[in-house]
Amino acid sequence: MPPEIKARIFEPFFTTKDIGKGTGLGLSTVYGIVMQNKGNIEVWSHVGQGSSFQISLPLQKVAAPNESREKRHNLLGGTETILLVEDESTARSALSELLENLGYEVLQAANGHDALAIYHERLSEIGIVITDLVMPHLNGVEMAQEIWRHHPTLPVIFVSAYGDEDVRPKLPPDSIFFQKPFRLEHLAKAMREALKK
């Protein structure tokens, strides 16, 4: 890729694809996760030859298998219905499976517009919303504000790969926010606390 494209590849919503063919969020999400974990990304690119990315991450202590299993068994679950809004399909499927294993029913939406359609169809069942913050067309805050017009007390948990200092100013006061990647036990606990209110 030419230098002027390479200089912008990690910007949110920057894409060289046609409208409707790409969101421009893939590399910016990767960048956010790597930076949050104190890592580094190096990019090499030559026009007509291709590009390569090298990601370096610091070593982490590995939990013992029985310690990992024990933590999973101690997670707080429930039977409520969750509206999960995440435009990245792999992340959405993985989180949905984890939440279903905790006993919840999960309604999945790939973007804010789909989420509002599901909400209006199943509003009497939905107990909590978990939404990515940065999405094309209708972001998580805009979607939540539309839901709160009809149901002002419905708990909404925001998640994002972007850092706390980048995200906090965009959130409503007293919002529940988790930076990706987050620990499932922290999310599970926050959900139970929000659902009790």
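Looking across Arg92, Arg149, one residue alone is closer than 21 Å to Lys189 by Cα, without any contact (Cβ under 8 Å) to a residue 40 or more places away in the chain, charged (D, E, K, R) and in a helix (DSSP H, G or I). It is Arg92.
Close Cβ contacts (under 7 Å, 6 or more residues apart or on different chains) running from residues in segment 47-71 that are of a type in the set (Val, Ile, Thr) to residues that are surrounded by 10 or more Cβ atoms within 10 Å (Cβ to Cβ) and modelled with pLDDT of 85 or more comprise Val47/Met1; Ile55/Gly39; Ile55/Ile41. Being basic (Lys, Arg) and either under 13 Å from the mean Cα position of the chain (by Cα) or closer than 19 Å to Arg92 by Cβ (or both) is a description that does not apply to Arg192.
Taking the listed residues Leu138, Leu187, Leu133, the one that is among the hydrophobic types (A, V, I, L, M, F, W, C) and surrounded by fewer than 19 Cβ atoms within 10 Å (Cβ to Cβ) is Leu138, with no other qualifying. At pLDDT below 95, closer than 21 Å to Val30 by Cα, under 12 Å from the mean Cα position of the chain (by Cα) and buried (at least 17 other Cβ atoms within 10 Å of the Cβ): which single residue out of Ser160, Ser93, Ser89 fits that description? Answer to the check: Ser160. Here Ile19 passes the criteria (1) over 26 Å from Ser96 (Cβ atoms); (2) at pLDDT 80 or above; (3) surrounded by fewer than 13 Cβ atoms within 10 Å (Cβ to Cβ) except the one numbered (2). Among the residues of segment 146-157, is there at least one that is surrounded by fewer than 19 Cβ atoms within 10 Å (Cβ to Cβ), more than 23 Å from Ile33 (Cβ to Cβ) and among the aromatic types (Phe, Trp, Tyr)? Checked against the condition, which is being surrounded by fewer than 19 Cβ atoms within 10 Å (Cβ to Cβ), more than 23 Å from Ile33 (Cβ to Cβ) and among the aromatic types (Phe, Trp, Tyr), segment 146-157 yields at least one hit.
The values are calculated or read from the model by the stated rules, or taken from the named source; none is laboratory data. None of the values given here were measured: they were computed from a predicted structure. All Cβ positions, glycine included, derive from the backbone under ideal geometry; neighbour counts span all protein chains shown.
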